[in-house]
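Since the structure comes first, as structure tokens, the remarks are kept for the end.
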Amino acid sequence: MDNYHVAEKFDKIGSSLLDLLKEYYGDPGSKPVIQYKSKSDIIADYHRETAPDDGRPLEDVIESFKKDILPYSVHTWHPYFLNQMFAGSSFPAIIGDLLASMMNPTLATWEMSPIATLIEQNTAQWMAQIIGMPKGSSGIFLPGGSLSNLLALTIARNRVLDPNIRDCGLSDERRGAIICSEASHYSVAGAANLLGIGLNQVKKVKVNRRQEMDVDHLQETIQQCRDESLKPFVVVATTGITVTGGFDPLGEIADLLKDEDIHLHVDAAFGGGMALTDQREHLFGGIHRANSLTWDAHKWMHTPLTCSVLLVPDPEILEKTFSQKADYLFHPQQEKLLDDLGKSTLLCGKRFDALKIWLLWNTYGTSHFREVANERVDLMRQINQIIKADPDFVSDYEMVSPILCFTYQNSLIQQLKEPERTLYSNRMHRYVRESIKHSGRALFNITKLNGKDQFRMVLINPLTDLSHVRVLLEDIRSQCQAYSE
Ligand SMILES: Cc1ncc(COP(=O)(O)O)c(C=O)c1O
């Protein structure tokens, strides 16, 4: 089939594709973050009821992508893109993504991916070292933090709730509970659903205004589970809380669980990035007691989605929990050193995601990660000061990792009585965010926090500096002022 002879196609489309990449990455701030189109316009313009029967030249299809798709898509590679917990991939990681597609291996077996298996293992070990897990810790790369959390909670369930679950399934005698905070990521509840624990058995611990877990209430919650004849088999501590970037007090939680038969899972999907800064020891005290940990390199180690790792201090637990028999795939091995990674996960087609971070690491070194992360922390500190000093902007907390939630207020709003004040303020915040989004000037988020709608900006984009944030704050101020005139 001629279509599968790829090499000569590059001659034809190579230079125009390179031009496109150069243009996209070249001057990211020069275009709108997004050229907004309404949902109904998009459906009207793009929906096709049936698949194309005949194809057309690849050059044409790429041209359509360039003209019709790219301009109306969100430019995550833009200094005013602050909407998500990822932004701006590093160049070597982009190349790593491309090369992973080129190789297209599966890391399920050593036979298929000998060096890739070792690279994945090494990279996981480096991440475990950096975050401060005990010697010998390692893990497995997975497509996303939600999957890493799911596998971690599976390990916890089988290890602590009942080792028979793997073979016999859940029993009525030993009903389990997952304990996490009110602000933990929704993937924890998602895992409870998939693991047969049930959402009612996800027990939520109270949080402070930065959404960090109240350890006294954690202790009460453990007791409440026992009073209800439930076995609390895992506590999820979030380091880098999704909405606020806050850190559950890991050291205190680890101390509380020291003599308990409860698995400690640390969800550092976002906050793992803080382990690269001079704040690591302070924020990750107690990490040596973690039984598992989720860390997304696609968040602020700036690799393209997805690149998540599940780390454990005793890597054999992965195979013990997940291995299955598949004679067509897992063959006996003479050397037992590094087993097939497919036995340590749910995935059979296992992508070479680790190549992205490995390429980045080898190109720039750990010093690069530290420099970029510390730069973000400096930016965060400056913005903490700016917000504190500005009477128009109010944040409920000081940032400990770079996610800012804040509201705008003025004397007119303050004069209103509740509940009108909150209703008015919520409407204004939603309106202003939408209007800035539609203008294409910036994309940041909005969230409900402490009873009201608040702007939310994730400040990990390496292309965003203080001048961008200042411009955006002034934009928001003038939009809010105009709204309340
Ligand atoms: C704390 C936390 N855990 C887990 C996740 C899920 O990660 P992913 O989006 O990679 O599935 C997120 C996502 O934002 C998160 O904030």
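The values are calculated or read from the model by the stated rules, or taken from the named source; none is laboratory data. Treat the numbers as computed from the prediction; the structure is a model and nothing was measured. With ideal geometry, Cβ positions are generated from the backbone for all residues, glycine too; neighbour counts draw on all protein chains shown. These accessible areas exclude ligands, DNA and RNA; they are computed on the full protein's heavy atoms, side chains included. Shrake-Rupley method; radii C 1.70, N 1.55, O 1.52, S 1.80 Å.
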- Please give the number of the condition residue 365 fails out of (1) without any contact (Cβ under 8 Å) to a residue 12 or more places away in the chain; (2) open to solvent by 60 Å² or more (accessible area, probe 1.4 Å); (3) of a type in the set (Gly, Ala, Ser). (2)
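Looking only at segment 112-163, count every residue that is charged (D, E, K, R) and open to solvent by less than 10 Å² (accessible area, probe 1.4 Å) and tell me the total. If you could, list the steps in order and put the result at the bottom.
Going through segment 112-163, the residues charged (D, E, K, R) turn out to be 120, 135, 157, 159, 162.
This time we only want the ones that are open to solvent by less than 10 Å² (accessible area, probe 1.4 Å), so: 120.
So the count comes out to 1.
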- Among (1) within 16 Å of the ligand (Cβ to nearest atom); (2) without any contact (Cβ under 8 Å) to a residue 40 or more places away in the chain; (3) in a loop (DSSP other than H, G, I, E, B) - the single one residue 334 does not satisfy: (1)
- Item | Among (1) open to solvent by 50 Å² or more (accessible area, probe 1.4 Å); (2) away from the ligand (no atom under 16 Å from the Cβ); (3) of a type outside the set (S, T, N, Q) - the single one residue 194 does not satisfy | (2)
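Quick check on segment 307-326. Is at least one of its residues more than 22 Å from the chain's Cα centre (by Cα), of a type in the set (Phe, Trp, Tyr) and at negative phi?
Here is the first cut: in segment 307-326, the residues more than 22 Å from the chain's Cα centre (by Cα) are 314-317, 319-326.
In the following step, the residues that additionally are of a type in the set (Phe, Trp, Tyr) were identified as 322.
The next check asks that each one be at negative phi; those that pass are 322.
Yes, segment 307-326 contains a residue that is more than 22 Å from the chain's Cα centre (by Cα), of a type in the set (Phe, Trp, Tyr) and at negative phi.
Return yes when residue 311 is away from the ligand (no atom under 16 Å from the Cβ), within 23 Å of residue 119 (Cα to Cα) and open to solvent by less than 10 Å² (accessible area, probe 1.4 Å) and no when it is not. First the steps, then the outcome.
Details: away from the ligand (no atom under 16 Å from the Cβ): no; within 23 Å of residue 119 (Cα to Cα): yes; open to solvent by less than 10 Å² (accessible area, probe 1.4 Å): yes.
No; evaluated as a whole, the condition is false for this residue.
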- Per-region count, segment 76-91, residues buried (at least 22 other Cβ atoms within 10 Å of the Cβ) and either among the polar types (S, T, N, Q) or touching a helix residue (DSSP H, G or I) at 6+ places or on another chain (Cβ under 7 Å) (or both): 6
- Message: So the check is Cβ under 8 Å with 6+ separation or different chains; which pairs have a first residue in segment 54-68 that's closer than 18 Å to residue 31 by Cβ and a second one that's open to solvent by 70 Å² or more (accessible area, probe 1.4 Å)?
- Response: 68/45; 68/46
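Quick check on this structure: which one of 34, 43 is among the hydrophobic types (A, V, I, L, M, F, W, C) and exposed (fewer than 14 other Cβ atoms within 10 Å of the Cβ)?
Working: 34 fails: exposed (fewer than 14 other Cβ atoms within 10 Å of the Cβ).
43 is the lone residue from the list that is among the hydrophobic types (A, V, I, L, M, F, W, C) and exposed (fewer than 14 other Cβ atoms within 10 Å of the Cβ).
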- Task: Please work out which one of (1) open to solvent by 10 Å² or more (accessible area, probe 1.4 Å); (2) of a type in the set (A, V, I, L, M); (3) more than 16 Å from the ligand (Cβ to nearest atom) is the condition residue 276 fails and give its number.
- Result: (1)
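Sort through 321, 242 and tell me the only one that's at pLDDT 95 or above and not in a helix (DSSP H, G or I).
Details: 321 fails: not in a helix (DSSP H, G or I).
Residue meeting the stated conditions: 242.
To keep it simple, each residue is scored yes or no on (1) part of a helix (DSSP H, G or I); (2) in contact (Cβ under 8 Å) with a residue 24 or more places away in the chain; (3) under 30 Å from residue 441 (Cβ atoms); (4) within 16 Å of the ligand (Cβ to nearest atom).
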{"site": "71", "(1), (2), (3), (4)": "yes, yes, yes, no"}
{"site": "77", "(1), (2), (3), (4)": "no, yes, yes, no"}
{"site": "95", "(1), (2), (3), (4)": "yes, yes, no, no"}
{"site": "106", "(1), (2), (3), (4)": "no, yes, no, no"}
{"site": "119", "(1), (2), (3), (4)": "yes, yes, no, no"}
{"site": "125", "(1), (2), (3), (4)": "yes, no, no, no"}
{"site": "152", "(1), (2), (3), (4)": "yes, yes, no, yes"}
- Query: Quick one: in segment 286-303, which of the residues that are at pLDDT 95 or above and away from the ligand (no atom under 12 Å from the Cβ) is surrounded by the most Cβ atoms within 10 Å (Cβ to Cβ)?
  - Reply: 292
- Task: Working only within segment 241-256, note down all residues that are open to solvent by 10 Å² or more (accessible area, probe 1.4 Å), over 21 Å from residue 161 (Cα atoms) and more than 10 Å from the ligand (Cβ to nearest atom).
- Result: 247, 249, 251, 252
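Residues 160, 188: which one is in contact (Cβ under 8 Å) with a residue 24 or more places away in the chain and within 16 Å of the ligand (Cβ to nearest atom)?
On the way: 160 fails: within 16 Å of the ligand (Cβ to nearest atom).
Testing whether each residue is in contact (Cβ under 8 Å) with a residue 24 or more places away in the chain and within 16 Å of the ligand (Cβ to nearest atom) leaves just 188.
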- Residues (part of a loop (DSSP other than H, G, I, E, B) and in contact with a strand residue (DSSP E or B) (Cβ under 8 Å, 6 or more places away or on another chain)) located in segment 171-200: 174, 175, 182, 183, 184, 185, 197
- Pairs with Cβ under 6 Å, 6+ apart, first in segment 26-51 and assigned to a helix (DSSP H, G or I), second among the aromatic types (Phe, Trp, Tyr) and surrounded by 10 or more Cβ atoms within 10 Å (Cβ to Cβ): 28/77
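Can you name the residue in segment 454-485 that is free of Cβ contacts under 8 Å to residues at least 40 places away in the same chain and outside any loop (DSSP other than H, G, I, E, B) and is also nearest to residue 89 (Cα to Cα) among such residues?
467
Results for (1) within 23 Å of residue 449 (Cα to Cα); (2) open to solvent by 40 Å² or more (accessible area, probe 1.4 Å); (3) in contact (Cβ under 8 Å) with a residue 24 or more places away in the chain, shown as yes or no for each residue.
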{"position": "165", "(1), (2), (3)": "no, no, no"}
{"position": "173", "(1), (2), (3)": "no, yes, no"}
{"position": "177", "(1), (2), (3)": "no, no, yes"}
{"position": "227", "(1), (2), (3)": "no, yes, no"}
{"position": "239", "(1), (2), (3)": "yes, no, yes"}
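Would you check if residue 11 is surrounded by fewer than 10 Cβ atoms within 10 Å (Cβ to Cβ), in a helix (DSSP H, G or I) and not assigned by TED's automatic domain parsing to the domain that holds residue 438?
Judged against the criteria, residue 11 is a match.
Based on this model, can you work out whether residue 296 counts as free of Cβ contacts under 8 Å to residues at least 40 places away in the same chain and of a type in the set (Asp, Glu)?
Details: free of Cβ contacts under 8 Å to residues at least 40 places away in the same chain: no; of a type in the set (Asp, Glu): yes.
For residue 296, the condition - free of Cβ contacts under 8 Å to residues at least 40 places away in the same chain and of a type in the set (Asp, Glu) - is not met.
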